[in-house]
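The values are calculated or read from the model by the stated rules, or taken from the named source; none is laboratory data. Note that the structure is predicted; figures quoted are calculated from it, not measured. Cβ placement follows ideal geometry from the backbone for every residue including glycine, while neighbour counts extend to all protein chains displayed.
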Amino acid sequence: MTESPSRPALSATAFITLLLIALMMGANHVSARLAFNHGVDVVTAVSFRSGVTALVVGLILWRQQVSLKLTHRHKKFLPLIGALIAVQSVCLYSSVARLPVALALLVFNTYPLSTAFWARLLYGHRPERAVLLAMPVMLIGLALALDVLGAASGLGAQAHWGQIGAGVAFAMGGLGHLWPGLGLDAA
């Protein structure tokens, strides 16, 4: 297979870094699920995660000798961005607390679909053909995973949604779903 001149090859270091990030993100949510099973509440889990993240980012900034001088624009928007990330984190962890981790993340990670929807609705951007072809497949797969009709659970739709509805709603409450047009992606 020949390499496209406009798309450079992914280096081994970049690939391993992406795998490590994916592993850490997955481990983060599985750890949260284990913590919830042992009595930790959502706010404590989000606070601990945020504290560790702030510590790591602070160490990186210190190590890289990044200036901590904030502009007026930073002072104006950083609290808003922080609040949006906090709401997104609480929504995701609330979902993980109510659903199996994989199912919560599956629902949450439909945000590219909503991003394509809002980009079309608000800005008139047409989604790429690949996105249009993937959308129905992803939505059908999600419907099967959620057992939207309650057939696999044997409970029927109403009782099944009584069990999973809040978790699905929290997962859908992620940043990509609630605040279209801000240009922010889910964390």
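Listed here are the residues, each with its yes/no results for (1) of a type in the set (A, V, I, L, M, F, W, C); (2) within 28 Å of residue 136 (Cα to Cα); (3) touching a residue at least 12 places away in the same chain (Cβ under 8 Å).
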{"residue": "11", "(1), (2), (3)": "no, no, no"}
{"residue": "22", "(1), (2), (3)": "yes, yes, no"}
{"residue": "39", "(1), (2), (3)": "no, no, no"}
{"residue": "44", "(1), (2), (3)": "no, no, no"}
{"residue": "58", "(1), (2), (3)": "no, no, no"}
{"residue": "65", "(1), (2), (3)": "no, no, no"}
{"residue": "88", "(1), (2), (3)": "no, yes, yes"}
{"residue": "106", "(1), (2), (3)": "yes, yes, yes"}
{"residue": "116", "(1), (2), (3)": "yes, yes, yes"}
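With the requirement that a residue be surrounded by 14 or more Cβ atoms within 10 Å (Cβ to Cβ), assigned to a loop (DSSP other than H, G, I, E, B) and at pLDDT 80 or above, what does segment 107-127 give you? If the condition is that a residue be surrounded by 14 or more Cβ atoms within 10 Å (Cβ to Cβ), assigned to a loop (DSSP other than H, G, I, E, B) and at pLDDT 80 or above, then 127 is the only one that fits.
Of the residues 63, 33, the single one that is on the phi < 0 side of the Ramachandran plot and at pLDDT 85 or above is 63.
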